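Participant: First, the structure itself, so that you have it in front of you.
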Amino acid sequence: MARILWTAALVAGIALGVFSLAVARAGAENSFGGGSAAAGAAELAAGYALLGVGLAAMMHRRQARLGAILVATSFAWFLVEWNNPAAGSALIFTIGLALYAAAPALVAHAMLAYPDGRVGWWPGRLGLTLGYAGSVLVLGLLAAAVFDPASEGCQCPRNLLLVGGSTGAYGSLNRAGFYMGLAWPLLVILLAAGDLVRATPARRRLAAPVVIAGGAYLGLVATDFAYSLHRGFLGNDGLDRRLWLGEAAALGALSLAVIWAWVRARRTRFALARLVIELAESPPPGGLRDVLAGVLRDPSLVLAYPLAGGGLADALCRPVELNGEVTPVVRGGQQVALLSHRPGLLAEPALAEEVAAAARLALENERLQAETRSQLADLRASRARIVQAGDAERRRLVRDLHDGAQQRLVTLSLALRLARTRLGPGIDPALAERLDEAEDELRAALADLRELAQGIFPVILAEEGLSAAVEALAEAGPAPLEITALPGERLGSSAEAAGYFVVSEAVRQAASSTLKVSAARRDGRLVVEVEGDSVPAEITDMQDRVGALDGSVTVLHGPGARGTIRAEIPCES
Amino acid sequence: VIADDEVLLRDGLDRLLTEAGFDVVGKAGTAGELHREVELASPDVAIIDIKMPPTHTDEGLVAAKELRVSHPGVGVLVLSHYLASHYAMRLLEEHPGGAGYLLKERVSGVGVLVDALTRVHEGECVVDPTIVSRLLRRARPASPLGHLTGREREVLALMAEGRSNKGICERLHLSSKTVEGHVRSIFTKLGVGESADDHRRVLAVLNYLRSAPQQL
């Protein structure tokens, strides 16, 4: 149906142009375009340009209404020639009488309705109503009703609309139409300019040429109305024709303005196509922002994803704050992402939609990645907390051992010694021996207890730090340690505990071969290296422990069986 | 003055020392009380437990170091649960004379305790023999220590415990000439500069045994 209509409009428009020019040429003295080949060419060029642009716009879903208005404008532009005495037929002549002044109202309509074909605001509708009333009703139908060609001395075809001829009424109606025609174009120009001022920069850039061209046309029309006031009808003397030529040029400019907006949109669409291609090469996480920033030519662009747990994050799960203009990317009623960008960049709603469509998979992908990273971060934090809680519990246990059992044993040995001295030198040798044995046992118990506590959690690690603890390990340990470097400062208890665990595990597994130990802080990481004759067989525990802090354990194989365990642990600075 | 927050132990130590012929002139349960008692009684030596309120970590050690500065004439003997030489070094590194570090269970060994108190009072420094023997025994990569004779190791251990040449003579029943010879030989073999000052000598020996790396 739409196709048939479109084809009909095409055929009718072309035929209308040819026919109108033929009428104009037949009655050249009463026409605009009939006087010269140049004027005819201008008439056809302006009309066909509007027709072509209108038909093209009709093919776009969103601009179909605008297209229809433009096609109608082109028809009206040609109809101005039909109220020519040379029209030949009463019907043609009458249509010309009724609609010869309709074009300006339609141009105003196109201006106010640009780009989607709708006039939303009531003052706009009021302006248009005045326009149609003035040019179609007053100057057209009503004037035709009282215009009797015969009594006006015109060798014209019959006026089918004639009700009762009256020269006075005809002049009054015309003048009323002219006064209205001075007012409403001004109103429309003001409204369109106001719309422009309020519009976002992107929309302004697109709409300004249309408004300027349309405004120029309306200005020329109003000038002609003013010029015609004294004579009571719209004529075609020299000035009228010059104004009409200006109108043709303005309409040509209007068509070009609409085309120019398409070219711009097409450029954006090319950019979108490039976006699709670049996305097909699947950028790394975080790369989508760079691609979008490049395609949309906005280096300040920020891409943020709403997380399930609340808050916004970028693709690498770093918290993001959005400033300035923010456009949400919505899919299936859900916000997939938020774009903050330079003002007006995505003012065209369709553009935001198209970006969302083109980048849909990539956006979804990055959002899921951000989500995953966020969950991973939570998991990591929980792992670190578990390790920390374990350490804290062990420290508490050790402190209890020291303050409780050990303290009591010391007190007990003291009491034993006191009892011994009380008994004096004349003590039964057997009893003395027993007491000696008890004291030895106590000493052994204390030594065992100390070792036990040391194994559970070295107090020195918590109190004096990694360096002191590794030195103490060297003093106590079964394996000879060659310490080549130790940090001079504290690095946070979690990192230190993990580093110590790596060394003590290596010592435990190394039996009695010499280990070379170094620990140092490099770029915010504690790097612990243990080099030995053999690589410890079990490093899973180390990896768990270090991994809980987002660190890594790697094994570097040296010559022969020699190997180095290298642990990198993020630490406090 | 005895400073220990464990009343039973403090009282037991009091009785033991009294019976051994010492005058216990004050007792304290916290670092604050310790300072007050030392101020009031001006004792020869203060015995201080390393663990004191509020955190029960190293308040005793800190208090001992403060006493070394505020009352240089008062010897301090720190009793500790910890075998690591790190703590002993913390106590001795600034003012080695008149300070001692003993393991807590020594309180029942009257001989060691009396010896340590006497030496601290006389301005020597005292390091627990267990810590020293642990340092000496410690497994280590090949080092000049292996070149020492048995006697030289004994002398080295006694030096590390903080004893003067005279003390070493008495312990090993050797003439002072012989001991001086051993000491010279040890320093030569270890490649450590000999120090005339006994306290510096202790630190040098301990540092050598701990073989602390250059701290980065």
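Taken together, the values in this text are just the output of simple stated rules run on the coordinates, not laboratory data. Because the structure is predicted, anything quoted here is derived from the model rather than measured. Quick reminder, even Gly has a Cβ in these numbers, built from the backbone with ideal geometry, and neighbours come from all protein chains shown.
Participant: Considering the Cα trace of the stretch A:407-516, what is its radius of gyration and what is Dmax, both in angstroms?
Facilitator: According to the Cα coordinates of the stretch A:407-516, Rg and Dmax are 19.9, 59 Å.
Participant: Next question. Projected onto the charge dipole of the stretch A:192-321 (+1 at Lys/Arg Cβ, -1 at Asp/Glu Cβ, origin at the Cα centre), which of A:PRO284, A:ALA253, A:LEU312 gives the Cα projection farthest towards the positive end?
Facilitator: A:ALA253
Participant: Moving on to the next point. Work out the P(r) tail for the stretch B:1-153: percent of alpha carbon pairs separated by more than 25 Å, whole number.
Facilitator: Result for the distance tail: 27 percent.
Participant: Let me know the mean shielding of B:51-57 by other chains, meaning the per-residue number of their Cβ atoms within 10 Å of its Cβ.
Facilitator: Taking the mean over all residues of the peptide, I get 2.
Participant: Let me check the size of the stretch A:467-510 from its C-alpha atoms; what are the radius of gyration and Dmax in Å?
Facilitator: 10.3, 28
Participant: Using the 10 angstrom Cβ neighbour count as an exposure proxy, how do A:CYS156, B:CYS125 rank, fewest first?
Facilitator: A:CYS156, B:CYS125
Participant: Starting from the Cα gyration tensor of the stretch A:279-345, take the square roots of the eigenvalues, sort them a ≥ b ≥ c, and report rounded, prolate or oblate (rounded when a/c is under 1.5, otherwise prolate if a/b is larger than b/c, else oblate).
Facilitator: rounded
Participant: Check the cysteines of chain A one by one and keep only those with no other cysteine Cβ under 4.7 Å from their own.
Facilitator: A:CYS317, A:CYS571, each lacking another Cys Cβ under 4.7 Å.
Participant: Using the Cα centre as the reference, give the magnitude of the dipole from point charges on the C-beta atoms of the stretch B:68-169 (Lys, Arg: +1; Asp, Glu: -1; all else neutral), rounded to the nearest 20 debye.
Facilitator: Dipole of the stretch B:68-169, to the nearest 20 debye: 300 debye.
Participant: Sticking with this structure for a sec: Less than 14 Å Cβ to Cβ from A:GLY67, Lys/Arg counted +1 and Asp/Glu -1: what total charge do the surrounding residues give?
Facilitator: +4
Participant: Filter chain A for me: DSSP H helices, axial length by Cα at least 27 angstrom, mean Kyte-Doolittle hydropathy not below -0.5. List them by residue number.
Facilitator: Taking the DSSP H segments of chain A (at least 27 Å long, mean hydropathy at least -0.5), we get A:2-26, A:37-59, A:167-198, A:201-228, A:238-280, A:429-456.
Participant: Let me ask you something else. Using alpha-carbon pairs under 8 Å, 6+ residues apart, how would you state the relative contact order of chain B in percent?
Facilitator: Worked out over chain B, it gives 14 percent.
Participant: Using only the Cα atoms, what convex hull volume per residue in Å³ does the stretch A:176-249 have?
Facilitator: Roughly 67 Å³ of hull volume per residue.
Participant: So how much slack lies between A:LEU379 and A:ALA37, counting 0.36 nm per residue of separation and subtracting their Cα-Cα distance, in nm?
Facilitator: Taking A:LEU379 through A:ALA37 to full extension adds about 114.9 nm, to one decimal.
Participant: Using all Cα-Cα distances in the stretch A:438-497, what percent lands in each 5 angstrom bin from 0 up to the longest?
Facilitator: Pairs per bin, as whole percents: 4, 16, 22, 20, 17, 10, 6, 4, 1.
Participant: Scaled to the compact-protein estimate 2.2 N^0.38 Å, what is the alpha-carbon radius of gyration of the protein assembly as shown, rounded to two decimal places?
Facilitator: That ratio works out to 1.85.
Participant: How high is the relative contact order of chain A, in percent, counting Cα pairs under 8 Å that sit 6 or more residues apart?
Facilitator: 7 percent
Participant: Using +1 on the beta carbon of Lys and Arg, -1 on that of Asp and Glu, and nothing else charged, what's the dipole of the protein assembly as shown about the Cα centre, debye to 20?
Facilitator: Computed charge dipole of the protein assembly as shown: roughly 3640 debye.
Participant: Let me ask something else. Say the dipole of the stretch A:8-154 comes from +1 at the beta carbon of Lys and Arg and -1 at that of Asp and Glu; which of A:THR129, A:LEU112, A:GLY96 then lies farthest toward its positive end?
Facilitator: The one lying farthest along the dipole's positive direction is A:LEU112.
Participant: Got the relative contact order for the stretch A:130-274 handy, in percent, Cα pairs under 8 Å and 6 or more residues apart?
Facilitator: So the answer I get is 22 percent.
Participant: Using a 10 Å cut-off on Cβ to Cβ distances, tally the other chain neighbours for every residue of B:105-111 and report the average as a whole number.
Facilitator: What the average comes to for B:105-111 is 6.
Participant: A follow-up question, please. Wrap a convex hull around the Cα atoms of the stretch B:52-139, take a quarter of its surface area, and give that in square nanometres.
Facilitator: Average projection, Cα convex hull of the stretch B:52-139: 6.0 nm².
Participant: Next question, about the same structure. Do the sum for chain A: with -39,500 (n - 2.57) for every DSSP H run of n ≥ 4, divided by all residues, what is the mean residue ellipticity at 222 nm, to the nearest 500 deg cm²/dmol?
Facilitator: Counting only the DSSP helices, I get -21000 deg cm²/dmol.
Participant: If we count other beta carbons within 10 Å of each Cβ, what is the order of B:HIS121, B:HIS147, A:HIS341, fewest first?
Facilitator: Listing B:HIS121, B:HIS147, A:HIS341 from fewest to most nearby Cβ atoms yields B:HIS147, B:HIS121, A:HIS341.
Participant: Next question, about the same structure. For the protein assembly as shown, build the charge dipole from Cβ charges (+1 Lys, Arg; -1 Asp, Glu) around the Cα centre, then report which of A:LEU526, A:GLY13, B:LEU61 sits farthest towards its positive end.
Facilitator: Of the options given, the answer is A:GLY13.
Participant: Counting other C-beta atoms within 10 Å, which of B:ASP128, A:ASP237, B:ASP4, B:ASP198 has the fewest, and how do the rest follow?
Facilitator: A:ASP237, B:ASP198, B:ASP128, B:ASP4
Participant: For the stretch A:119-236, divide the Cα radius of gyration by the Kirkwood radius and give the resulting Rg/Rh value with two decimals.
Facilitator: Rounded to two decimals, Rg over Rh is 1.10.
Participant: Here is a follow-up. With charges only on Cβ, +1 for K and R and -1 for D and E, what is the dipole size of the stretch A:419-542 about its Cα centre, in debye, rounded to 20?
Facilitator: Approximately 340 debye in magnitude.
Participant: Still on this model: Pairwise over distinct Cα atoms, reciprocal of the mean inverse distance: report the Kirkwood radius of the stretch A:342-448 in Å, one decimal place.
Facilitator: Hydrodynamic radius (Kirkwood, Cα only) of the stretch A:342-448 equals 20.9 Å.
Participant: Local charge sum around A:GLY390 (other residues, Cβ-Cβ under 13 Å, Lys/Arg +1, Asp/Glu -1)?
Facilitator: Local charge sum for A:GLY390: +2.
Participant: Can you give the calculated 222 nm mean residue ellipticity of chain B, where each DSSP H run of n ≥ 4 adds -39,500 (n - 2.57) and the sum is split over every residue, rounded to the nearest 500 deg cm²/dmol?
Facilitator: Calculated from helices alone, the mean residue ellipticity at 222 nm is -16000 deg cm²/dmol.
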